[in-house]
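The values are calculated or read from the model by the stated rules, or taken from the named source; none is laboratory data. Quick caveat, the model's predicted, so the values are computed rather than measured. Reconstructed Cβ throughout: ideal geometry from the backbone, glycine too, with neighbour counts over all protein chains shown. All accessible areas refer to the heavy atoms of the entire protein, side chains included, with ligands and DNA or RNA removed. Shrake-Rupley method; radii C 1.70, N 1.55, O 1.52, S 1.80 Å.
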Amino acid sequence: MERLKTWWDAQTRDRQVIMGGLGILLVGLLGWFLLRPATPAPLPPATPPVNRAAQSSVTHPAGTTASQSSVTEVVVDVQGAVQRPGLYRFKSGMRVADAVREAGGLAERADRQKINLATRLVDQQQLYLPKKGEKAPATNGSAPGSAGGSATTSASSAGPDAPLNLNQATVTDLQKLSGIGAKKAQKIVDYRTEHGDFKTVNDLTQVAGFGEKTVARLQAQLTT
(Lines give C-alpha, C1' and ligand atoms only; values in the text may rest on other atoms or scores of the structure.)
Protein backbone atom coordinates (compact mmCIF):
# COMPACT_ATOMS: atom_id res chain seq x y z
CA MET A 1 0.00 0.00 0.00
CA GLU A 2 2.90 2.31 0.88
CA ARG A 3 4.56 1.60 -2.48
CA LEU A 4 1.29 2.42 -4.29
CA LYS A 5 1.06 5.74 -2.45
CA THR A 6 4.71 6.55 -3.26
CA TRP A 7 4.11 5.69 -6.93
CA TRP A 8 1.00 7.85 -7.04
CA ASP A 9 2.79 10.85 -5.46
CA ALA A 10 5.54 10.52 -8.08
CA GLN A 11 3.06 11.07 -10.92
CA THR A 12 2.44 14.49 -12.38
CA ARG A 13 -0.83 16.29 -11.70
CA ASP A 14 -2.12 15.74 -15.24
CA ARG A 15 -1.44 12.01 -15.09
CA GLN A 16 -3.24 11.75 -11.77
CA VAL A 17 -6.34 13.45 -13.27
CA ILE A 18 -6.35 11.16 -16.33
CA MET A 19 -5.86 7.96 -14.32
CA GLY A 20 -8.47 9.08 -11.80
CA GLY A 21 -10.99 9.62 -14.60
CA LEU A 22 -10.21 6.22 -16.11
CA GLY A 23 -10.64 4.59 -12.68
CA ILE A 24 -14.06 6.18 -12.18
CA LEU A 25 -15.10 5.05 -15.70
CA LEU A 26 -14.01 1.47 -15.02
CA VAL A 27 -15.88 1.39 -11.72
CA GLY A 28 -18.99 2.72 -13.43
CA LEU A 29 -18.81 0.13 -16.22
CA LEU A 30 -18.31 -2.64 -13.68
CA GLY A 31 -21.30 -1.45 -11.66
CA TRP A 32 -23.49 -1.28 -14.78
CA PHE A 33 -22.44 -4.79 -15.82
CA LEU A 34 -23.31 -6.22 -12.41
CA LEU A 35 -26.60 -4.35 -11.98
CA ARG A 36 -27.97 -4.41 -15.56
CA PRO A 37 -31.45 -6.08 -15.99
CA ALA A 38 -31.61 -9.59 -17.33
CA THR A 39 -32.16 -9.88 -21.09
CA PRO A 40 -35.88 -10.66 -21.71
CA ALA A 41 -36.76 -13.88 -23.50
CA PRO A 42 -37.51 -13.37 -27.20
CA LEU A 43 -41.20 -13.03 -28.09
CA PRO A 44 -42.81 -15.81 -30.13
CA PRO A 45 -43.45 -14.98 -33.80
CA ALA A 46 -46.70 -13.17 -34.53
CA THR A 47 -49.64 -15.34 -35.58
CA PRO A 48 -50.15 -14.95 -39.35
CA PRO A 49 -53.52 -13.49 -40.46
CA VAL A 50 -56.26 -15.79 -41.69
CA ASN A 51 -56.09 -16.35 -45.41
CA ARG A 52 -59.67 -15.61 -46.37
CA ALA A 53 -59.03 -16.32 -50.03
CA ALA A 54 -57.81 -19.79 -49.13
CA GLN A 55 -60.86 -20.34 -46.91
CA SER A 56 -63.27 -19.43 -49.68
CA SER A 57 -61.70 -21.95 -52.02
CA VAL A 58 -62.26 -24.94 -49.70
CA THR A 59 -64.67 -27.23 -51.44
CA HIS A 60 -67.80 -28.66 -49.83
CA PRO A 61 -70.16 -31.49 -50.81
CA ALA A 62 -71.71 -31.19 -54.24
CA GLY A 63 -68.71 -29.13 -55.41
CA THR A 64 -69.80 -25.87 -53.74
CA THR A 65 -67.51 -23.47 -51.91
CA ALA A 66 -68.00 -22.25 -48.33
CA SER A 67 -69.49 -18.95 -49.49
CA GLN A 68 -71.76 -20.65 -52.02
CA SER A 69 -73.08 -23.19 -49.53
CA SER A 70 -73.97 -20.60 -46.85
CA VAL A 71 -75.33 -17.72 -48.96
CA THR A 72 -77.78 -17.90 -51.85
CA GLU A 73 -78.63 -14.78 -53.84
CA VAL A 74 -81.93 -13.88 -55.44
CA VAL A 75 -82.23 -11.34 -58.25
CA VAL A 76 -85.35 -9.12 -58.19
CA ASP A 77 -86.55 -6.46 -60.63
CA VAL A 78 -87.96 -3.70 -58.39
CA GLN A 79 -90.38 -1.37 -60.22
CA GLY A 80 -93.13 1.13 -59.50
CA ALA A 81 -93.37 3.59 -56.61
CA VAL A 82 -89.76 3.49 -55.36
CA GLN A 83 -87.02 6.10 -55.57
CA ARG A 84 -84.57 3.99 -57.61
CA PRO A 85 -86.27 1.27 -59.69
CA GLY A 86 -83.94 -1.37 -61.10
CA LEU A 87 -82.44 -4.81 -60.82
CA TYR A 88 -81.15 -5.77 -57.35
CA ARG A 89 -79.48 -8.74 -55.69
CA PHE A 90 -80.57 -9.91 -52.23
CA LYS A 91 -79.71 -12.73 -49.86
CA SER A 92 -82.19 -15.58 -49.81
CA GLY A 93 -84.95 -15.08 -47.26
CA MET A 94 -85.07 -11.28 -47.46
CA ARG A 95 -88.41 -9.47 -47.67
CA VAL A 96 -90.17 -6.77 -49.71
CA ALA A 97 -89.16 -4.30 -46.97
CA ASP A 98 -85.50 -4.99 -47.78
CA ALA A 99 -86.12 -4.43 -51.49
CA VAL A 100 -87.87 -1.10 -50.79
CA ARG A 101 -84.99 0.02 -48.58
CA GLU A 102 -82.39 -0.94 -51.19
CA ALA A 103 -84.33 0.92 -53.89
CA GLY A 104 -84.18 4.17 -51.91
CA GLY A 105 -87.51 3.88 -50.12
CA LEU A 106 -91.10 4.34 -51.24
CA ALA A 107 -92.00 7.21 -53.54
CA GLU A 108 -94.25 9.96 -52.19
CA ARG A 109 -97.39 8.61 -53.90
CA ALA A 110 -96.84 4.96 -53.03
CA ASP A 111 -100.00 3.18 -51.86
CA ARG A 112 -98.74 1.75 -48.55
CA GLN A 113 -102.05 -0.04 -47.90
CA LYS A 114 -101.52 -2.25 -50.96
CA ILE A 115 -97.90 -3.15 -50.18
CA ASN A 116 -97.12 -6.16 -48.00
CA LEU A 117 -93.60 -5.50 -46.71
CA ALA A 118 -93.43 -8.94 -45.10
CA THR A 119 -93.61 -10.90 -48.38
CA ARG A 120 -90.51 -12.99 -49.03
CA LEU A 121 -88.49 -12.18 -52.17
CA VAL A 122 -88.14 -14.86 -54.87
CA ASP A 123 -85.41 -15.26 -57.48
CA GLN A 124 -86.28 -13.78 -60.93
CA GLN A 125 -89.25 -11.94 -59.43
CA GLN A 126 -90.55 -8.63 -60.78
CA LEU A 127 -91.72 -6.67 -57.75
CA TYR A 128 -94.15 -3.86 -58.57
CA LEU A 129 -95.00 -1.24 -55.91
CA PRO A 130 -98.26 0.55 -56.91
CA LYS A 131 -99.04 4.24 -56.53
CA LYS A 132 -102.25 5.56 -54.95
CA GLY A 133 -105.22 5.00 -57.24
CA GLU A 134 -103.18 2.69 -59.46
CA LYS A 135 -103.88 -0.99 -60.08
CA ALA A 136 -100.69 -3.04 -60.15
CA PRO A 137 -100.17 -4.41 -63.66
CA ALA A 138 -99.67 -8.08 -64.38
CA THR A 139 -95.94 -8.72 -64.74
CA ASN A 140 -94.27 -10.83 -67.37
CA GLY A 141 -91.07 -11.23 -65.39
CA SER A 142 -92.45 -13.00 -62.31
CA ALA A 143 -90.41 -15.70 -60.64
CA PRO A 144 -90.75 -19.14 -62.30
CA GLY A 145 -93.17 -21.29 -60.36
CA SER A 146 -94.73 -18.35 -58.52
CA ALA A 147 -98.14 -16.89 -59.15
CA GLY A 148 -96.88 -13.39 -59.83
CA GLY A 149 -94.41 -10.66 -58.90
CA SER A 150 -96.48 -7.73 -57.65
CA ALA A 151 -96.12 -6.69 -54.02
CA THR A 152 -99.90 -6.61 -53.71
CA THR A 153 -101.20 -9.32 -56.05
CA SER A 154 -98.35 -11.82 -55.95
CA ALA A 155 -100.52 -14.65 -54.63
CA SER A 156 -103.73 -14.06 -56.55
CA SER A 157 -102.74 -12.85 -60.03
CA ALA A 158 -102.66 -16.36 -61.47
CA GLY A 159 -106.43 -16.32 -61.95
CA PRO A 160 -109.58 -16.88 -59.89
CA ASP A 161 -109.46 -20.69 -60.17
CA ALA A 162 -105.76 -21.08 -59.46
CA PRO A 163 -104.70 -22.32 -55.99
CA LEU A 164 -103.51 -19.60 -53.61
CA ASN A 165 -99.78 -19.67 -52.82
CA LEU A 166 -99.61 -20.08 -49.05
CA ASN A 167 -96.11 -18.56 -48.90
CA GLN A 168 -96.92 -15.43 -50.89
CA ALA A 169 -100.53 -14.64 -50.00
CA THR A 170 -101.31 -11.41 -48.16
CA VAL A 171 -103.92 -11.10 -45.40
CA THR A 172 -106.37 -9.81 -48.02
CA ASP A 173 -105.64 -12.75 -50.34
CA LEU A 174 -106.16 -15.31 -47.58
CA GLN A 175 -109.59 -13.91 -46.71
CA LYS A 176 -110.78 -15.09 -50.12
CA LEU A 177 -110.54 -18.67 -48.86
CA SER A 178 -113.80 -20.20 -47.66
CA GLY A 179 -114.19 -19.89 -43.90
CA ILE A 180 -111.10 -17.69 -43.41
CA GLY A 181 -111.65 -14.29 -41.82
CA ALA A 182 -109.26 -11.48 -41.06
CA LYS A 183 -108.05 -12.96 -37.74
CA LYS A 184 -107.23 -16.38 -39.16
CA ALA A 185 -105.58 -14.83 -42.22
CA GLN A 186 -103.39 -12.69 -39.96
CA LYS A 187 -102.40 -15.78 -37.93
CA ILE A 188 -101.14 -17.46 -41.13
CA VAL A 189 -99.04 -14.41 -42.12
CA ASP A 190 -97.67 -14.02 -38.57
CA TYR A 191 -96.68 -17.70 -38.41
CA ARG A 192 -95.00 -17.49 -41.83
CA THR A 193 -93.07 -14.37 -40.84
CA GLU A 194 -91.81 -16.00 -37.63
CA HIS A 195 -91.08 -19.54 -38.86
CA GLY A 196 -90.46 -19.15 -42.60
CA ASP A 197 -92.23 -20.65 -45.60
CA PHE A 198 -94.64 -23.56 -45.35
CA LYS A 199 -93.14 -26.73 -46.83
CA THR A 200 -96.54 -28.26 -47.58
CA VAL A 201 -100.16 -27.20 -47.14
CA ASN A 202 -100.42 -29.73 -44.28
CA ASP A 203 -97.97 -27.55 -42.29
CA LEU A 204 -100.92 -25.20 -41.83
CA THR A 205 -101.97 -27.42 -38.92
CA GLN A 206 -99.08 -25.83 -36.97
CA VAL A 207 -101.01 -22.53 -36.94
CA ALA A 208 -103.33 -22.02 -33.96
CA GLY A 209 -106.97 -22.53 -34.95
CA PHE A 210 -106.29 -24.74 -37.98
CA GLY A 211 -107.17 -28.37 -37.32
CA GLU A 212 -106.75 -31.30 -39.70
CA LYS A 213 -110.37 -31.05 -40.93
CA THR A 214 -109.99 -27.35 -41.73
CA VAL A 215 -106.73 -27.93 -43.58
CA ALA A 216 -108.22 -30.85 -45.52
CA ARG A 217 -111.08 -28.57 -46.61
CA LEU A 218 -108.59 -25.93 -47.81
CA GLN A 219 -106.24 -28.35 -49.63
CA ALA A 220 -107.74 -27.76 -53.08
CA GLN A 221 -107.56 -23.98 -52.65
CA LEU A 222 -103.89 -23.78 -51.56
CA THR A 223 -100.42 -24.56 -52.82
CA THR A 224 -96.84 -23.94 -51.67
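Determine the gain in length on full extension of the stretch Gln221-Lys132; use 0.36 nm per residue of separation and subtract their C-alpha separation, reporting nm with one decimal.
Numbers: separation 89, 0.36 × 89 = 32.04 nm, distance 3.01 nm.
Fully extending the segment from Gln221 to Lys132 adds 29.0 nm.
If R0 is 25 Å, the Cβ-Cβ spacing of Lys199 and Lys91 corresponds to a FRET efficiency of close to 0.80. Taking every protein chain into account, the 1.4 Å probe leaves Arg192 with about 0 Å² of accessible area, to the nearest ten. A 1.4 Å probe, protein heavy atoms only, puts the accessible area of Asp123 near 60 Å². Sum up the charges of everything whose Cβ sits under 9 Å from the Cβ of Gly209, counting Lys and Arg as +1 and Asp and Glu as -1, but leave Gly209 out. Counting the neighbours of Gly209, the net charge comes to +3. Taking all protein chains together and rolling a 1.4 Å probe, Val27 ends up with roughly 100 Å² accessible.
Available extension along the chain between Arg109 and Lys213 is 33.1 nm, counting 0.36 nm per residue and deducting the alpha carbon span. Extension gain for Ala182-Leu26 works out to 46.2 nm (0.36 nm per residue, less the C-alpha to C-alpha distance).
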